[in-house]
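Below is one structure; the comments refer to it alone.
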Amino acid sequence: MEFNFRRKEIADIRVRRAIAHAIDVPFFIENFLYGHGKPATGIIPSTATNFYPANSKQPYPFDRKKAEALLDEAGYRRQTNGTRFTLKLVRIVNGEDVPLFATFILQSLAEVGIKVEIAN
């Protein structure tokens, strides 16, 4: 997933961290990819072991409460309709797991008050 830093919400690192904490990547891997995968710990594939210590962990583990707190701290409190703001997710059409992950992101971010509109 890439971020459009021109969006004022995304320009705030607390919002990007909140998004990362709001998505339960291990759950997605286990339930949608049937355990065939592992969470990324950076932009370089973990198979390039020279770039990772042996005990690398997911930098932003799933933590919905932390995500909510970060969004509140960034000034994006829930409105009366329960949402904080809306983002557009432009997904690539590549295999069957990408559309599934886009839908999973939509559902995950809705839990913390971020409305996602998926564009093809």
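The values are calculated or read from the model by the stated rules, or taken from the named source; none is laboratory data. Computed from a predicted model, the values in this text were never measured in an experiment. Note that we place each Cβ from the backbone using ideal geometry, even for glycine, and neighbour counts take in every protein chain shown.
The figures follow:
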{"item": "Of all residues making up the range 44-78, the number that are loosely packed, with under 11 Cβ neighbours inside 10 Å and in contact (Cβ under 8 Å) with a residue 12 or more places away in the chain", "result": "1"}
{"item": "Candidates ILE19, ILE23, ILE29 - the one that is of a type in the set (A, V, I, L, M, F, W, C), free of Cβ contacts under 8 Å to residues at least 12 places away in the same chain and either surrounded by 12 or more Cβ atoms within 10 Å (Cβ to Cβ) or touching a strand residue (DSSP E or B) at 6+ places or on another chain (Cβ under 6 Å) (or both)", "result": "ILE29"}
{"item": "Those residues of the range 93-120 which are in a helix (DSSP H, G or I) and of a type in the set (Val, Ile, Thr), in sequence order", "result": "VAL98, THR103, ILE105"}
{"item": "Any pair with Cβ under 8 angstrom, 6 or more apart, that starts in the range 83-105 at a residue that is acidic (Asp, Glu) and ends at one that is loosely packed, with under 14 Cβ neighbours inside 10 Å", "result": "ASP97/LEU33"}
{"item": "Selection within the range 67-120 - small (Gly, Ala, Ser), closer than 20 Å to ARG6 by Cα and either modelled with pLDDT under 95 or under 14 Å from the mean Cα position of the chain (by Cα) (or both)", "result": "ALA119"}
{"item": "The range 36-88, residues that are assigned to a helix (DSSP H, G or I) and either in contact with a Phe, Trp or Tyr (Cβ under 6 Å, 6 or more places away or on another chain) or within 18 Å of ILE13 (Cα to Cα) (or both)", "result": "ARG64, LYS65, LYS66, ALA67, GLU68, ALA69, LEU70, LEU71, ASP72, GLU73"}
{"item": "Of all residues in the range 32-41 being under 17 Å from the mean Cα position of the chain (by Cα) and on the phi < 0 side of the Ramachandran plot, the one that is surrounded by the most Cβ atoms within 10 Å (Cβ to Cβ)", "result": "PRO39"}
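Okay, residues lined up against (1) among the small types (Gly, Ala, Ser); (2) closer than 18 Å to LEU109 by Cβ:
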residue	(1), (2)
MET1	no, yes
LYS8	no, yes
ILE19	no, yes
ILE23	no, yes
TYR34	no, no
GLY42	yes, no
GLN58	no, yes
PRO61	no, yes
LYS65	no, yes
